[in-house]
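For reference, the structure is listed below as structure tokens.
The values are calculated or read from the model by the stated rules, or taken from the named source; none is laboratory data. Keep in mind it's a predicted model, so treat the numbers as computed, not measured. When we count neighbours, we look across all protein chains shown, and the Cβ atoms used for this are built from the backbone with ideal geometry, even at glycine.
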Amino acid sequence: MMKVYEYPACSTCKKALKFLETRKIKFEKIPIVEKPPKLSELKKMLEYLREDGGDLKNLFNTSGVQYRELGIAQKLKEGMSEKDALALLAKNGKLIKRPFILTDRWGVVGFKEERLKTLLS
């Protein structure tokens, strides 16, 4: 089952949900702030991102207020460990790039329509 962690006020999340709904894709919608992805899900997503050429930073909502307030960019530059970063994300859904879409075969963060079309085909 596809899990879509989303934030109701997020326009990108709304676009992704509409995209999935119009294609009649079944998914479980989960509020990312109230119920952030588990550590195991974050690790799995990181594996998928790395397969695609991404890295740890791609998991973060870099345009978010808390990302800036907590100085995450600097902490990542200074070598924040993967373990610490994932633990922080597992506790704070506002820090996670959204939507966070995870299946047992692939995962994506953010919404790029062409990428999602490819993964769903």
### Message
Which numbered condition in (1) of a type in the set (Lys, Arg); (2) modelled with pLDDT of 95 or more; (3) out of contact with any Gly (no Cβ under 7 Å at 6 or more places or on another chain) is the only one that Lys112 fails?
### Response
(2)
### Query
Do any helices (runs of 4 or more DSSP H) entirely within the range 1-71 hold 2 or more residues that are aliphatic (A, V, I, L, M), surrounded by 15 or more Cβ atoms within 10 Å (Cβ to Cβ) and under 15 Å from the mean Cα position of the chain (by Cα), and if so, which?
11-22, 39-51
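Conditions (1) loosely packed, with under 15 Cβ neighbours inside 10 Å; (2) outside any strand (DSSP E or B); (3) among the acidic types (Asp, Glu), marked per residue:
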site: Gln74; (1), (2), (3): yes, yes, no
site: Leu86; (1), (2), (3): no, yes, no
site: Arg98; (1), (2), (3): no, yes, no
site: Ile101; (1), (2), (3): no, no, no
site: Asp104; (1), (2), (3): yes, yes, yes
site: Val108; (1), (2), (3): no, no, no
site: Phe111; (1), (2), (3): no, yes, no
site: Lys117; (1), (2), (3): yes, yes, no
